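Bear in mind these aren't lab numbers, they're just calculated from the coordinates by the rules spelled out. Since the model is a prediction, treat every value here as computed from it, not as a measurement. Every residue, glycine among them, receives a Cβ derived from its backbone with ideal geometry; neighbour counts consider all protein chains shown.
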Amino acid sequence: MPGLYIHVPFCARKCAYCDFYSVPLNAAAAEEYLRALDRECGGLPDGFAPETVFIGGGTPTVLPPAELARLLDLLARRVNLGRVTEWTCEANPVTLDAEKIRILRGAGVNRVSLGVQSFDDGVLKFLGRLHTAREAVEAFRLLRAEGFDNIGLDLMCAVPGGAIERDLERALALGPEHLSVYGLTFEDGTPLARRRDAGEVAELDEDEQLRQFRVVRETLKGAGFHHYEISNYARPGRECRHNLLYWGPGEYLGLGPAAHSHWGGQRWGNPRRLEDWAAGAPREFDETLDPEARAREALVFGLRRLDGVGRARFRAETGFDYHALRGEEIAWLARLGMLEEEGGCLRLTEKGLAVSNAVFAELV
């Protein structure tokens with residue numbers, strides 16, 4: 001099940017915590033981007049027909065209606081979309097209106113991931129978001145009114161001054177099909193990290209982060225959501241199929257500046273800067289993993305999924321037995337209560353879920 005990712009590198013303003021590549025939008029930059037994307041589409045493999053498409057960023061919906069329509073029309077002309085079953089577009093509440101939503105729907109987009117982050121205006125200001133809680137609710141309702149029946153909300157927990165319980169309550173009241181809940185991280189080089197280094201703000205302690213993780217998990221499971229990946233919850237059957245490619249053996253191609261690809265046993269990243277990518281600069285990295293390294297990576301990514309890694313399937317897909325790869329580490333993590341194996345399937349325990357990055361570091 002191949003997938004296609006398109007990175008739209010424009011934002012109205014960069015959020016205080018964000019280290020993804022984005023630049024301010026202007027007419028010249030949008031024109032440069034669309035022309036270069038058209039050329040890059042010409043380099044797709046013969047016969048490439050993705051089953052999932054994900055337009056992310058940045059903020060794709062910051063594009064004006066005419067440029068958004070050009071982007072979607074470009075993809076329709078240059079990519080075989082006949083097999084697409086899930087087509088997602090990320091959106092910021094303040095950049096959505098009925099015209100843009102109709103453009104998305106008309107092009108075949110059938111899923112929207114709405115970056116809400118919080119329903120508390122103070123928290124939104126702290127994070128550097130442009131929208132208000134009211135605008136987030138209005139954007140969700142407008143998507144529903146225009147016919148979208150598959151909407152995901154992004155929320156953020158472990159935010160100083162935030163109240164995840166209240167955010168979950170307001171999110172559930174809207175009735176989304178999907179919820180992604182990410183813990184706030186203070187990435188080096190971001191405004192938030194600079195404020196931390198200046199002593200103006202501090203990350204929540206580990207005990208509070210763990211408490212909030214458990215609150216999210218218990219609340220959403222109690223509301224009927226399937227916890228299918230560490231940070232992702234869905235109504236049954238509404239899991240994001242595109243993101244499952246990243247956590248499984250699937251292949252995907254990425255278009256646009258800073259986009260990554262995993263295809264034919266190779267992995268590469270496009271130039272990060274818009275100008276470099278548009279000028280055809282060399283890839284930032286281009287590597288072929290040896291089979292054992294690929295198998296270790298597949299084990300770690302597979303463990304992000306709550307259903308875990310089946311031993312027989314893992315052997316069939318990678319050619320390796322995970323006990324032969326990391327048997328000592330798996331046994332040690334199992335003794336610590338971080339991993340469990342049952343019915344030929346290895347998975348994170350409840351304890352391991354809360355400290356997954358530490359578990360993965362032992363298995364890479």
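Charge dipole of the chain (Cα centre as origin; +1 on each Lys and Arg Cβ, -1 on each Asp and Glu Cβ, all else neutral): 760 debye, rounded to the nearest 20.
The value of relative contact order for the stretch 3-246, using C-alpha pairs under 8 Å at least six residues apart, is 18 percent.
Taking 1.567 mPa s as the viscosity and 4 °C as the temperature, the Stokes-Einstein diffusion coefficient of the stretch 82-195 based on its alpha-carbon Kirkwood radius rounds to 87 µm²/s. Within the stretch 215-364, the ratio Rg/Rh, alpha carbon atoms throughout and Rh by Kirkwood, equals 1.02. Going toward the positive end of the dipole of the chain, with +1 on Lys and Arg Cβ and -1 on Asp and Glu Cβ, which of Ala133, Cys345, Asn243 do you reach last? Farthest towards the positive end: Ala133.
In a DSSP loop and with at most 13 other Cβ atoms within 10 Å, the trypsin sites (Lys or Arg not before Pro) in the stretch 36-131 are Arg83. Near the amide H of Val23, within less than 5 Å, lie the amide hydrogens of Phe10, Cys11, all on another chain or at least 5 residues away, with H placed in the peptide plane.
Take the Kirkwood radius over Cα pairs of the stretch 1-128, plug it into Stokes-Einstein at 20 °C and 1.002 mPa s, and you get 139 µm²/s for translational diffusion. Inter-part distance, the stretch 8-44 to the stretch 308-332, computed on C-alpha centroids, equals 39 Å.
Once you reduce the stretch 94-132 and the stretch 148-170 to the center of their Cα atoms, the two points are 13 Å from each other.
For the pair Ala98 and Leu174, the difference between a 0.36 nm per residue extended length and the Cα-Cα distance amounts to 25.5 nm. What does the convex hull of the alpha-carbon atoms of the stretch 290-364 project to on average, in nm²? Averaging across all directions leaves 4.3 nm² for the Cα convex hull.
Would you please state the base-10 log of I(q)/I(0) at q = 0.08, 0.10, 0.12 1/Å for the chain, with intensities from the Debye formula using one equal scatterer on every alpha carbon? Normalising to I(0) and taking log10 leaves -0.41, -0.67, -0.99. For the stretch 290-364, averaging the sequence separation of C-alpha pairs within contact (under 8 Å, six or more residues apart) and dividing by the residue count gives a relative contact order of 34 percent. Rounded to the nearest 20, the size of the Cβ-charge dipole of the stretch 178-305 about its Cα centre is 640 debye, with Lys and Arg at +1 and Asp and Glu at -1. In the stretch 1-48, the convex hull through the Cα atoms has an average projected area of 4.7 nm², a quarter of its surface area.
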